[in-house]
Structures are given as structure tokens and as C-alpha cells.
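S.K.: Structure below; questions to follow.
All of the numbers you see were taken from the coordinates with simple rules; none came from a lab. Since the structure is predicted, the reported quantities are computational estimates derived from the model, not experimental observations. Here the Cβ is made from the backbone with ideal geometry for all residues, glycine too, and neighbour counts use every protein chain on show.
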Amino acid sequence: MGLKELENKSIYIIREAYAEFDNPAILWSMGKDSTTALWLCRKAFFGDIPFPVIHIDTGYKFKQMYEFRDRIASEWGFDLVIAKNEDAIKAGVGPKSGKLECCTKLKTEALMQYIDKRGFDALFLAIRRDEHGIRAKERVFSPRDEAFRWNYRDQPLEMWDQYQTQTQTQTQTQSQSEETVQNHTRVHPILHWRELDVWEYIKREKIIPVNSMYFASNGKRYRSLGCEPCTSPIDSNANTIDAIVKELRTTKVAERSGRAQDKEKAFMMQKLRALGYM
Amino acid sequence: MNVNVVLVGHVDHGKSTLIGRLLYDSESLMGERVEEIQKLAEEYKRKFEFAYFLDSFEDELKEERTIDTVSLMFKSKKNYYTITDVPGHKEFIKNMLTGASHADVAVLVVSAEEGVQEQTRRHMFLLKMLGIRQVFVVVNKMDAVGYKSEQFETVKSQIGMLLNSFGFKTEVFIPISAMDGDNVYRKCEVMDWYKGPTLIETLDGVKLSSDEKPLRFVVQDIYSVDSERIIAGRVESGRLQKGAEVIFEPSGTKGEIERIIVFDADLEEAEAGDSIGVVITAGDVKRGDVFGLLKRPPKPVNEFLGEAVLLDKSMRKGETLELRCGTAKVACKIKEIKEKINSETGQVIGERPEEIYEHDAATIVFATEPVVVEKFADIPELGRFVLVKADKNIGAGVVLN
């Protein structure tokens, strides 16, 4: 798809979700994808984002990411919610606890706590199909049950642009001991974009802010941003948006190659996502 | 050009393998992904298979079958393709429809060993209902039948008859081996008896029709921005010019388009697919309304004849469901089930039944609250609908009349 079609479709999805749900919010990781999604929200609503923007803060993000967050939040003037699993952080959960445990506690559970607190019924997430095999299997509107689970074996019928807009109660398999929160629907407005599309769009729009960590210095740049202990840069000399676009047109290196949690073992990402990971 | 291609066909006829092959031969796969799959194959003590690029659920790999649909992108010398794999099992028809609904053209994969099977037929029926008219046939696994032209001809004539019975005018039949890549990206020397194009040559030759259709705009929402009322929505078909005289239905409001806007800019016109905002003088408008030009207006209806396929346990005459078309959401009653249709064969298997069941198709008279729908043949964007029951999307169909 061309950039115009990609943008049109994303705006349509964002407006559908806003019309159908009572209390949506968007997740923002300060990376290129979710910052692009924020920009698309501004376009969809002609300027202001009419719902909260959530940053899930593990406490392990890069210093440049926190600076970027605070600068953009004040420039664009949205309602920033910082979600932190304080108890887990106090209990010392960290990368040394194992990646499944760390991601689940500090990301998934932190988000669960805020959904519970704020009663969000829809969450916008800037995942893309081409990022990871498991994300390729997602619907645009994807329901999650009270235990936060993704029932990937029985996903809704989603034809044309008719989305499943009701989050169903799926309690049949749920045990009493599991922690539950309000069920919600994940909405994926840029699911149909490729990594290259995002950069070409950033180039075209000119005003989408980009974290400096994406640009190469001393022969290295970050291609995907995450927590400091589990994210490593790739070899690259691309130090401008144009150079990144050029690099992506020919690269054979996977986008998430620097993200440790995907790789620990086979199907790690599926396990994380079935538990509600983003 | 962008082309959306869906691969359909019976289970184990090689849809996922063929897509894996297309991605590999078009050099769209990351080196690391190939290594990852090799590692997985070793872990599961299996031979490396192209299908593993698509079947990314652990369950899919264990069960060796595709459960859910997946779309992947690749580029040939000529086109950008979004290629969609769908499951070949009856129990996953819902996922097949989800995947096929966005397709411009379809590639039907039929095994040279097994020929036409149950899902080959059902998928053809569903493609016809979805209005996908261009279907190319690949006869796969030619390596398993010794590349014999006789076997190809036998399967070809079998499929030809099937396609004719559903009204498809298909002329392209390609003998391939997805596993080895024969006649996918490169010509196969062993099958020198085949003089036609490879699959990629066929796809690169696709022409998509772009008939001018009347203007239809669906209203998604009403926003107030700097105390101006903006009607947000999408142009579904045709073109919209600033100053146009339009009518919103079923609200009945008439007005002149004063502004066409996107964030921070005014436009003179918009075309099909554009997500925009419009400003009109006055009058009530709500989500679900459709506007068109006064001289070729949309007409709200209370009743229409549709053809639908059911993916839930059952549906009874007299039952009330929710119908969604465009952004409209209305109550709709099953006034009459005219004909019950076997979704495998396309045959009518019952006149005026009281009830239909999972995987049945039917022609149905729907009685609805006022809503704008169009004949699928005229404006497909507003000629297709989904049925919702107990908050779940349970069926889909098209408007016949």
C-alpha cells in the first residue's frame, strides 16, 4: 500500500474504535511506531488526542527515552499516564529474574493494574504484522478476557472493515485463583504497515519526532527500542531518516534482532502474548 | 501497483508452502528468520519446510496445519503484493473469510495427487459470494506425480468444471511444485510440455478494474473542533468535490459541502478510500449515515434480499440480530429464509426452511430499521454486511436486491 492508503486506513480504524468504545487509551513506548500512531491520532481528531496516553514504565528504559517522553508530552499536550508495577519493582523483579518473568511483571502486570484502576475498555497498540510471526496473526480489533488472555485459537470474524467491537466475557476456562481485570479490546491501527513504511511516512510528514537513539553514532544504531538491559544496537552508519530508509530497502537483518526477550527460546513471544504481553 | 492476493484450497494442498516459496524466491525473507526456522525444524526433528515461515503459532507447528490467516508482503519487479494464507480446514472457515475479504484476486491451490476436495469447492463458493472474480489455478505437487502432463490435464479438467459451475471464467492453470519452486518464480525444464506463464508472471499481469461509481461517504463520528462541527468519515466510492450538494440518509438531511478537511489543511476534492472530515451548513447528521450526491442519492431501505453464510450454531426465521453495513448498526429481523445453500457445492438444499446451521449459506429477506445498503454488484463497499448476535460477529453476506 502507498503511504496515503496506509494513513487513510489507520485513521479509519482509530475513529471506529473511538466511536465504539467508552474509555479508550493508547500505549506509547516512545519508539517510532507508537509515536507515529500518536501522530495518526492527532490527524484523526484534527489536533488533540481525546484520550490518555499510557507509558508502561519498567524503570529500565534508556535515559534518552525518558527525556523524549517528557518533551513530546509537553509539546503535544496530551494526558500522559505512567504505569508502573511498584510492588514488583520494590520486590526486586528485574532482568535477572528471567525474561518471561520480568516482561510479564513489569510490563503486562503494570498495564493490568492501570486498566483495573482506570477502567479502560480499549487500548490502541502500535504493533505491526511484519515485526514478528506471532503479531502477523493478529486481528485489527482483538479482544482480551478478564485474565488478560488472548484466545488466539478462536479469533473473531473480521471481514472488510467490520470489526468485533464488543469485548466478550470469556469466563468458561478461567480458574478462581487468577487475577482478573475488566476485559478489553486491543486495537491495532498500524498493523498493516511495514517498518519501511513507518520511516517513509516519518520522512514525508517531516514533523513526527524521532528519538536520537535510532540514528547511528560510532557505527551503531538502535532499530527497535526497549529496556536498556535487553536491547542492543545494530551495526549501521545510518544517521539520517533518508539513510535509514535506504538501509531498510536492502537489509537482511530482522528488525527485532536486538530484542532479547523474543529469542530466549522458541515461541517465547507467543507465550508472552498469550499472557497479555503487548 | 498494490495487489492483494489470497491463496485458497483444501488442507495440505500446499498453500502455506507456496507462500513461503514466493517470499523466499522474491528475496523478502530476512536471513535471520531462515536460520530461526532451521533451528525450529531441528528442535521438532522435521525437515525444513517453507510453511514454517507462516505457521507461527506453536500449535500450528505441532499440528502441522494452519489455524489462522496471515498476510505477508513481498515485492516483485512490477508489483507490491500482500499475500494472504488461509486455513484449509472447515472448522476455520471464519478465519478463511477474514483473510479472503480483502483480496483482489485469488490463487486456487489444488494438489495434483488429490484433485478437487471438499474445501476446494467450499472456498470457490465463498470467493464467488465475496465477489472475487479473478481466480488463477495452480496444480501443485507436480513432483509427486512425476511431472506428468496427463495428470495435470486430468486435474485441470476437473477444476475447470468446478469453476464453470460457480461461474468463474478462469483460463490460467499452472503446473507447479511449491516445494521445489517449479513454475513459481522460475520455469521448470522438466515440465517443458507446459508453455504458459509462471505464477509470478501471471500475478504481475493482473489488471484491477477501477470503474467510476457514484459517490458514497460513510459517517463515522461528529467532532467539534474550535467550535466548528466536523463530520468525520470515509469516501467509500466515487469522488467528492467541495461545494457538492449532498443528502445524508437515513437522516434525510440535505446540505452543501462547505469544506473538505484533513488535519491542518483544506482540500478541493477527495476520492474513494480517503478518511476526511466535511463541514456542511446545518442539519442533523449521525454515525451510520451515508451521504451521496443529490442527483444520485443513497436510498434507505427497510427490507432487502441478501445472501449470507452462517458461522454460528444456528439462525432461525423470525430471529432478530444486529446488522452492520458501513458504519451503520441496525436491528434486523430474519423475515424469510428463501433458499438454504450448501456452502460446499453451492447447491440449493432446501426451500423456505425455518432454520439454518453452521456453515450453511442462504438467501434471506432481512427486515431492518432504515439503513442505506447498495446492491453488491453496483457498489460493493456498501453491499456487504456482517451479522452480529450476542456481541459476536456470526455471519457475513452481500446484498442481492
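S.K.: Given the convex hull of the Cα atoms of chain B, what is a quarter of its surface area in nm²? Each step should come with its number before you reach the end.
M.R.: Numbers: hull surface 88.2 nm².
For chain B, averaging the hull's shadow over all directions gives 22.0 nm².
S.K.: Something else: Select from B:V218, B:S251, B:G277 the residue farthest towards the positive end of the dipole of the stretch B:216-293; place +1 on Cβ of Lys and Arg, -1 on Cβ of Asp and Glu, and compute about the Cα centre.
M.R.: B:S251
S.K.: Among B:L22, B:F168, A:P233, whose Cα sits farthest toward the positive end of the charge dipole of the protein assembly as shown (+1 at Cβ of Lys/Arg, -1 at Cβ of Asp/Glu, about the Cα centre)?
M.R.: A:P233
S.K.: On to the next question. Quick check on packing: order B:329-335, B:136-142, B:349-355, A:36-42 by the mean number of other C-beta atoms within 10 Å, highest mean leading. The partial results should precede the final answer.
M.R.: On the way: B:329-335: 18.3, B:136-142: 26.4, B:349-355: 12.9, A:36-42: 23.0.
Peptide ranking by packing, descending: B:136-142, A:36-42, B:329-335, B:349-355.
S.K.: For the protein assembly as shown, with the dipole built from +1 on Lys and Arg beta-carbon atoms and -1 on Asp and Glu ones, taken about the Cα centre, which of A:F141, A:Y201, B:L400 lies farthest toward the positive end?
M.R.: Among A:F141, A:Y201, B:L400, the one farthest towards the positive end of the dipole of the protein assembly as shown is A:Y201.
S.K.: Taking the Cα centre as origin and putting +1 on Lys and Arg beta-carbons and -1 on Asp and Glu beta-carbons, what dipole magnitude results for the stretch B:216-293, to the nearest 20 debye? Each step should come with its number before you reach the end.
M.R.: Numbers: 9 positive and 16 negative charges, 55 e Å.
The dipole magnitude comes to about 260 debye.
S.K.: Order the peptides B:242-254, A:141-153 from the highest to the lowest mean number of other Cβ atoms within 10 Å of their residues. If you can, show how the numbers build up before the last one.
M.R.: Working: B:242-254: 17.8, A:141-153: 19.9.
Per-residue Cβ counts within 10 Å, averaged per peptide and sorted highest first, yield A:141-153, B:242-254.
S.K.: If the label point is 7 Å along Cα→Cβ of B:D180, which residues in the stretch B:110-143 have backbone nitrogen under 18 Å from it?
M.R.: Only B:110-114, B:138-143 fall inside the zone, counting backbone N under 18 Å.
S.K.: Something else about it: In what sequence do B:E113, B:E63 fall when counting other Cβ within 10 Å, fewest first? Provide the component values of the computation, followed by the final result.
M.R.: Working: B:E113 15, B:E63 12.
By the 10 Å Cβ count, ascending: B:E63, B:E113.
S.K.: Something else: Among A:96-107, A:231-242, how do they line up by average Cβ neighbours within 10 Å per residue, starting with the highest? Provide the component values of the computation, followed by the final result.
M.R.: Working: A:96-107: 18.4, A:231-242: 15.6.
In decreasing order of mean packing, A:96-107, A:231-242 become A:96-107, A:231-242.
S.K.: Same structure again: Using alpha carbons only, how many degrees (0 to 90, rounded to 10) separate the axis of helix B:118-129 from the longest principal axis of chain B?
M.R.: For helix B:118-129, the angle is close to 30 degrees.
S.K.: Now for a different question. Would you tell me the mean number of C-beta atoms belonging to other protein chains that fall within 10 Å of each C-beta in A:132-138, as a whole number? Numbers along the way, then the final one.
M.R.: Values: counts 2, 12, 4, 2, 9, 12, 2.
The mean count of partner-chain Cβ atoms within 10 Å per residue comes to 6.
S.K.: For q = 0.22 Å⁻¹, what log10 I(q)/I(0) does the stretch B:216-293 give under the Debye formula with an equal point scatterer on each alpha carbon and no solvent?
M.R.: With one equal scatterer per Cα and no solvent, log10 I(q)/I(0) is -0.96.
S.K.: Determine the principal axes of the Cα atoms in the protein assembly as shown, then give the extent along each, sorted from largest to smallest and rounded to whole angstroms.
M.R.: 67, 66, 54 Å, listed from the longest principal axis down.
S.K.: Let me ask something additional. Please report the antiparallel percentage of the DSSP beta bridges confined to the protein assembly as shown, to the nearest 5. Before the final figure, lay out the partial values.
M.R.: Values: 93 of 127 bridges.
Looking only at bridges with both residues in the protein assembly as shown, the antiparallel portion is about 75 percent.
S.K.: Now a separate question. Counting Lys +1, Arg +1, Asp -1, Glu -1, what net charge surrounds B:G255 among other residues with beta carbon under 15 Å of its beta carbon? Before the final figure, lay out each step's value.
M.R.: Details: positive: B:R229, B:K242, B:K254, B:R259, B:K286, B:K295; negative: B:E228, B:E245, B:E249, B:E256, B:E258, B:D284, B:D289.
Net local charge, B:G255 excluded: -1.
S.K.: Nearest 0.05, what FRET efficiency do B:E355 and B:K169 give at R0 = 45 Å with Cβ-Cβ as r?
M.R.: Values: r = 35 Å, r/R0 = 0.79.
For B:E355 and B:K169, the calculated efficiency is 0.80.
S.K.: Next question. Between B:E150 and A:L100, how high is the FRET efficiency from 1/(1 + (r/R0)^6) when r is the Cβ-Cβ distance and R₀ = 51 Å? Nearest 0.05.
M.R.: Values: r = 55 Å, r/R0 = 1.08.
Efficiency, rounded to the nearest 0.05: 0.40.
S.K.: Does anything in the stretch B:116-141 have its amide N under 17 Å from the 7 Å Cα→Cβ label point of B:W193, and if so which residues?
M.R.: So the set is B:139-141.
S.K.: In straight Cα distance, which lysines are under 23 Å from B:K187, not counting same-chain residues fewer than 8 positions off?
M.R.: B:K187 reaches B:K15, B:K75, B:K77, B:K78, B:K141, B:K148, B:K156, B:K195, B:K207.
S.K.: Rounded to the nearest 500, what is the 222 nm mean residue ellipticity of the protein assembly as shown from helices alone, with -39500 (n - 2.57) per DSSP H run of 4+ residues and division by all residues?
M.R.: Details: 16 runs with 165 residues, N = 679.
When only DSSP H runs of four or more count, the value is -7000 deg cm²/dmol.
S.K.: How crowded by other chains is B:96-103, given as the mean number of beta carbons from other chains within 10 Å of each beta carbon? Walk me through the numbers on the way to the answer.
M.R.: On the way: counts 0, 4, 8, 2, 1, 6, 5, 0.
That works out to 3 on average.
S.K.: Beyond 31 Å between alpha-carbons counts as too far, so tell me which of A:K203/B:K329; A:K61/A:K246; A:K96/B:K39; A:K203/A:K252 fall in that bin. Before the final figure, lay out each step's value.
M.R.: Working: A:K203/B:K329 38 Å; A:K61/A:K246 28 Å; A:K96/B:K39 26 Å; A:K203/A:K252 22 Å.
Listed pairs above 31 Å: A:K203/B:K329.
S.K.: Now, a different point. Summarise the partner chain shielding of B:322-329 as one whole number: the mean count of Cβ atoms from other chains within 10 Å of each residue's Cβ.
M.R.: Details: counts 1, 0, 5, 2, 3, 7, 0, 3.
Per residue, the number of nearby Cβ atoms from other chains is 3 on average.
S.K.: OK, next. List every residue whose amide H lies under 5 Å from the amide H of B:E236, counting only residues 5 or more places away in sequence or on a different chain, with H placed 1.01 Å from N in the peptide plane.
M.R.: Those qualifying (amide H under 5 Å, at least 5 residues apart or on another chain) are B:R216, B:F217, B:V218, B:G273.
S.K.: With axes computed from alpha carbons, what is the tilt in degrees of helix B:15-25 against the longest principal axis of chain B, rounded to the nearest 10 within 0 to 90?
M.R.: 80 degrees
S.K.: Which order do A:I82, B:I276 fall in if you start with the one that has the fewest other Cβ atoms within 10 Å?
M.R.: Sorted ascending by nearby Cβ count, the order is A:I82, B:I276.
S.K.: Related question: Take the alpha carbon atoms of the stretch B:333-347, find their center, do the same for the stretch B:183-201, and report the distance between the two centers in whole angstrom.
M.R.: Using only Cα atoms to place each centre, the spacing works out to 41 Å.
S.K.: Please list, or write none, the lysines whose alpha carbon is within less than 17 Å of the alpha carbon of A:K117, excluding same-chain residues fewer than 8 places away.
M.R.: Leaving aside lysines fewer than 8 places away in the same chain, those within reach of A:K117 are A:K84, A:K105, A:K107.
S.K.: Using each residue's phi in the stretch B:286-292, evaluate 6.51 cos²θ - 1.76 cosθ + 1.60 at θ = phi - 60° and report the 3J(HN,Hα) Karplus result to the nearest Hz, with x for Gly and Pro.
M.R.: Calculated HN-Hα couplings, in order: 9, 4, x, 5, 10, 10, x Hz.
S.K.: While we're on this one: Can you give the three extents of the C-alpha atoms in the stretch A:217-259 along their principal axes, from longest to shortest, in whole Å?
M.R.: Over the stretch A:217-259, Cα extents along the principal axes are 28, 21, 14 Å.
S.K.: Another question about this same structure. Mind checking Rg over Rh on the stretch B:332-401, alpha carbons, Kirkwood formula for Rh? Don't skip to the answer; put the middle values down first.
M.R.: On the way: Rg = 12.5 Å, Rh = 13.0 Å.
Taking Rg over the Kirkwood Rh, I get 0.96.
S.K.: Count the net charge of all other residues whose Cβ sits under 9 Å from the Cβ of A:Q162, scoring Lys and Arg as +1 and Asp and Glu as -1.
M.R.: Working: positive: B:R324, B:R384; negative: A:E158, A:D161.
Spelling it out: positives minus negatives among the neighbours equals 0.
S.K.: For helix B:31-43, what angle does its Cα long axis make with the longest principal axis of chain B, in degrees from 0 to 90 and rounded to 10?
M.R.: Long axis of B:31-43 versus the principal axis of chain B: about 60 degrees.
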